[in-house]
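Take a look at the structure below.
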Amino acid sequence: MANKVLVLGEVRDGVLRNVSFEAVAAAKQIADGGEVVGVLLGDSVTQLANELITYGADRVVTVEHPHLKAYTSDGYSQAFLAVYEQEKPEGVVFGHTSLGKDLSPKLASKLKSGLISDVTEIEGSGEDAVFVRPIYSGKAFEKVKIKDGVIFVTIRPNNIKPLDKNASLTGDVASISVDVQNLRTIIKDVVRKATTGVDLSEAKVVVAGGRGVKSSEGFEPLKELANLLGGAVGASRGACDADYCDYSLQIGQTGKVVTPDLYIAAGISGAIQHLAGMSNSKVIVAINKDPEANIFKVADYGIVGDLFEVIPMLIEEFKALKVNS
Amino acid sequence: MNIFVLVKRTFDTEEKIVIANGKIQEDGAEFIINPYDEYAIEEAIQVRDAKGGKVTVVTIGGEDAEKQLRTALAMGADEAVLINTEDDLDELDQYSAAIILAEYLKDKEVDLILAGNVAIDGGTGQVGPRVADLLGINYVTTITDLEIDGTNVKIVRDIEGDSEVIETSLPLLVTAQQGLNEPRYPSLPGIMKAKKKPLAELELDDLDLDEDDVEVKIEIVDIFLPPQKAAGRVLEGELSQQVKELVNLLHSEAKVV
Ligand SMILES: Cc1cc2nc3c(=O)[nH]c(=O)nc-3n(C[C@H](O)[C@H](O)[C@H](O)COP(=O)(O)OP(=O)(O)OC[C@H]3O[C@@H](n4cnc5c(N)ncnc54)[C@H](O)[C@@H]3O)c2cc1C
Ligand SMILES: Cc1cc2nc3c(=O)[nH]c(=O)nc-3n(C[C@H](O)[C@H](O)[C@H](O)COP(=O)(O)OP(=O)(O)OC[C@H]3O[C@@H](n4cnc5c(N)ncnc54)[C@H](O)[C@@H]3O)c2cc1C
């Protein structure tokens, strides 16, 4: 049976995040021929509606209000629920991002519904859809479904393929007005710390350093390599504990879980807690001077050697590759 | 201040996962307090020490979870509550866990509730915000700094590597992110004292809940282990040759750059 599915389009720095296009693809699968409705919330977002449509949303509903300029769970839940009440969907898809993780449980609670968080794969479609998600930080997986009520899921970035963009697609864009009020949280400031501007959880390439990097300056060549490849820098807890970098870069069981196309681990021993956060990456490269290091067990390609020699050489080779192709 | 910490017992991070008969095997595994909940306990103790009041740690679980509650008491929490659902419920999802916790908390006149931002086993991060919503109080997730002045609260929150500075007020639920503090180890005197601290055990009946009220919304169809990665290739030869070969492999064979 065809379902109507709402997708929250997440906007950051004025542009739609990639995970929102992935969410549209997920929603299509859950809709099973039904309608996919994009939802955009913000102070000025209507101009982004078309892009959501070119990635497969059938139409878009926007809520614009000055109180939606910055994300707050109070503001966004009021606005989203207004759209929900109007549309009465059978499914809802969010990205499993900072915003999605914060907002989705509140909405699920208000809707008295189940919520399947951090989905990496969808099998089947419509009512029969089964959702695959990691448990024990990726050491195992479970397949789950909603027993009854709205099919509410958040999807992990970088796992579900977006549909091809089709600029000729068109769809209706409507706005509804909501009196967003009583925000209990005030955002005073946002301090940017992320190093390359590419979000770690969405990055296609991650260059991660461990205690072997030895200092915060030691991270510079890793940053250069990440920049060159359009990727992000990550770290082991060893490197974070030693203060070489911020905890927000930590990958692993108590840090971020990442699944890039390419994960380069430099000076990381490969402790089980670290592996939990990265072992599902598509291709793993390990650079470590200890041939016995555990990281080589999960690496597709390994180089036994000093990272301070290998990384600069890699930078030169990738530069040469770029020139030649 | 009346402070509550939501604590979950989980597998030790060192443990490998073994599945038999469609279930995760717990026999012989070591269990710990969910690492993020340790930050929550530490923060609660620090707030109490600065402002006065009482810290109560609460868990839903079986008899075995008493050990983790005693550890929290040994760290410095004042009281512990075990909501034992073992006899009443076969299943418990995030929806039902939140209802049970909120039902326990609703008449406690809470000022501050701390939880972990995510449990490293179930991994949804739903329970904290759901409990706050059921109680009708505000919440802030993934916090790395907490300052309380009267009922005013200033928080720094981690949002995917950037930091958000937030102002809000009590009563409030927050979820702990790494970097919030350095959790203490229980001291020997702490461990001795913990044995005498109150640990109450409740069941669904005591909370005026029926099994129907907490019927799960989610069904687990299957549990499986990810495919084992085949052993990779350690490159050989001159280092500069290895690097050339690697770039070539990534470009032509793996096609990731
Ligand atoms: C509850 C708990 C949660 C944890 N969560 C996480 C987590 O989320 N993420 C995480 O990463 N860890 C986590 N850990 C820590 C984990 O157990 C390891 O201690 C940590 O991952 C080690 O970091 P490392 O590999 O950088 O350091 P080390 O283990 O010290 O390894 C450094 C490596 O660098 C190599 N090396 C040194 N110099 C060079 C050089 N010049 N060139 C090349 N190689 C070099 C060495 O051979 C060595 O293999 C957790 C631990 C606990 C108890
Ligand atoms: C269909 C189904 C059946 C299940 N059956 C069972 C079962 O029979 N027994 C069982 O133990 N689990 C069961 N689970 C798992 C259980 O639902 C989750 O462990 C629980 O809801 C917490 O979710 P989470 O691990 O995602 O925690 P998260 O939401 O990621 O946890 C975040 C924070 O919430 C707090 N928190 C989480 N869980 C608890 C808790 N139990 N007590 C106190 N605070 C907590 C902690 O502060 C934690 O850091 C089942 C799950 C499903 C989907």
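The values are calculated or read from the model by the stated rules, or taken from the named source; none is laboratory data. Because the structure is predicted, anything quoted here is derived from the model rather than measured. Cβ coordinates were reconstructed from backbone atoms using ideal geometry, including for glycine residues, and neighbour counts include every protein chain displayed. Heavy atoms of the whole protein, side chains included, go into the accessibility calculation; ligands, DNA and RNA do not. Shrake-Rupley method; radii C 1.70, N 1.55, O 1.52, S 1.80 Å.
Quick notes on this structure:
- Comparing the full protein assembly with the isolated chain (1.4 Å probe, heavy atoms, ligands and nucleic acids excluded), the residues of region A:87-106 losing at least 10 square angstrom of accessible area are A:HIS96, A:SER98, A:LYS101, A:ASP102, A:PRO105, A:LYS106.
- The string of couplings for region A:253-270 from the Karplus curve (6.51, -1.76, 1.60, θ = phi - 60°) is 4, 10, x, 7, 9, 10, 9, x, 5, 9, 10, 10, 9, 10, x, 10, 6, x Hz, one whole number per residue in order, with x for Gly and Pro.
- Chain A: relative contact order in percent, alpha carbon pairs under 8 Å with at least 6 residues between: 14 percent
- Rounded percent of accessible protein surface that carbon and sulfur make up, region B:99-257, 1.4 Å probe: 48 percent
- Note on region B:196-247 and region A:44-70: Cα centroid distance 34 Å, given to the nearest whole angstrom.
- Largest first, the residues B:ILE60, B:ILE113 sort by 1.4 Å accessible area into B:ILE60, B:ILE113.
- Counts of other chain beta carbons within 10 angstrom of each beta carbon in peptide B:127-140 average 4.
- Kirkwood hydrodynamic radius (C-alpha pairs) into Stokes-Einstein, chain B, 25 °C and 0.890 mPa s, D in µm²/s: 120 µm²/s
- Ligands, DNA and RNA left out, the accessible area of region A:185-292 computed with a 1.4 Å probe is 49% carbon and sulfur.
- Centroid-to-centroid separation of region A:108-182 and region B:97-170 [C-alpha atoms, Å]: 23 Å
- For chain A, the per residue solvent-accessible surface stands at 37 Å², with DNA, RNA and ligands left out and a 1.4 Å probe.
- Ranked from largest to smallest solvent-accessible area, with a 1.4 Å probe on the protein heavy atoms, A:SER236, A:SER325 come out as A:SER325, A:SER236.
- Rg over Rh, two decimals, the protein assembly as shown (C-alpha only, Kirkwood Rh): 0.96
- Evaluated at q = 0.12, 0.19, 0.22 Å⁻¹, a Debye calculation over the C-alpha positions of region B:1-138 (equal weights, vacuum) places log10 I(q)/I(0) at -0.46, -1.16, -1.52.
- Overall form of chain A per C-alpha gyration tensor (a/c, 1.5; a/b vs b/c): prolate
- Cβ neighbours within 10 Å from other chains - mean over A:304-315: 3
- 3J(HN,Hα) along region A:45-61: 10, 4, 5, 8, 4, 4, 5, 4, 5, 5, 9, x, 5, 6, 7, 9, 10 Hz, from the Karplus curve 6.51 cos²θ - 1.76 cosθ + 1.60 with θ = phi - 60°, whole Hz, x for Gly and Pro.
- When chain A is treated as a Gaussian network with alpha carbon springs shorter than 10 Å, the biggest mean-square fluctuation among A:GLY38, A:GLY302, A:GLY210 belongs to A:GLY302.
- Springs between Cα atoms under 10 Å define the GNM used for chain B, and in it the highest mean-square fluctuation of B:ILE19, B:ILE220, B:ILE143 occurs at B:ILE220.
- Share of carbon and sulfur in the accessible heavy-atom surface of region A:5-175 [1.4 Å probe, %]: 46 percent
- Angle in degrees between helix A:18-31 and the longest Cα principal axis of chain A, rounded to the nearest 10: 50 degrees
- The residues of region B:231-257 occluded by other protein chains by 50 Å² or more of accessible area, set against the chain on its own, are B:VAL234, B:LEU239, B:VAL243, B:LEU246, B:VAL247, B:LEU250, B:VAL256, B:VAL257; surface from heavy atoms, 1.4 Å probe.
- Near the amide H of A:ARG184, within less than 5 Å, lie the amide hydrogens of A:ASP74, all on another chain or at least 5 residues away, with H placed in the peptide plane.
- Report summary: the helix-based calculation at 222 nm, which adds -39500 (n - 2.57) for every DSSP H run with n ≥ 4 and divides by the residues of chain A, gives -8000 deg cm²/dmol.
- Only protein heavy atoms count here; on that basis, with a 1.4 Å probe, A:THR185 has an accessible area of about 20 Å².
- DSSP bridge analysis restricted to region A:5-175 gives an antiparallel fraction near 30%, rounded to the nearest 5.
- What you get for region B:2-214, charging only the Cβ of Lys and Arg (+1) and of Asp and Glu (-1), is a dipole of about 1100 debye around the Cα centre.
- Note on B:MET1: accessible area approximately 50 square angstrom, rounded to 10, probe 1.4 Å, nucleic acids and ligands left out.
- Taking amide H as placed 1.01 Å from N in the peptide plane, A:ARG12 has its amide H under 5 Å from the amide H of A:ARG17, each at least 5 places away in sequence or on another chain.
- Amide H within-cut-off set for A:PHE152, under 5 Å, with H built and near neighbours excluded: A:VAL92, A:ILE116
- The Cα center of region A:82-99 and the Cα center of region A:291-325 differ in position by 43 Å.
- Max mean-square fluctuation residue, GNM over chain B, Cα-Cα springs under 10 Å, options B:GLU109, B:GLU219, B:GLU91: B:GLU219
- Under 24 Å of direct C-alpha separation, and excluding same-chain neighbours fewer than eight residues apart, A:LYS88 reaches these lysines: A:LYS4, A:LYS28, A:LYS101, A:LYS106, A:LYS110, A:LYS112, A:LYS145, A:LYS147, B:LYS217.
- Per residue of peptide A:25-31, the mean number of Cβ atoms on other chains within 10 Å of the residue Cβ is 0.
- For the pair A and B, total buried accessible area rounded to nearest 100 Å², probe 1.4 Å: 7000 Å²
- Over region A:205-324, volume per residue of the alpha carbon convex hull, in Å³: 88 Å³
- Whole-Hz couplings from phi, Karplus 6.51/-1.76/1.60, listed for region A:280-287; x for Gly and Pro: 8, 5, 5, 10, 10, 10, 10, 10
- On Cα atoms only, tilt of A:307-324 relative to the major axis of chain A in degrees: 60 degrees
- Of all DSSP-defined beta bridges confined to region B:2-214, some 40% are antiparallel rather than parallel.
- Largest accessible area first, the listed residues A:SER117, A:SER279 line up as A:SER279, A:SER117 when surface is computed with a 1.4 Å probe on the assembled protein chains.
- By a 1.4 Å probe calculation restricted to protein chains, A:HIS96 has an accessible surface near 30 Å², given to the nearest 10.
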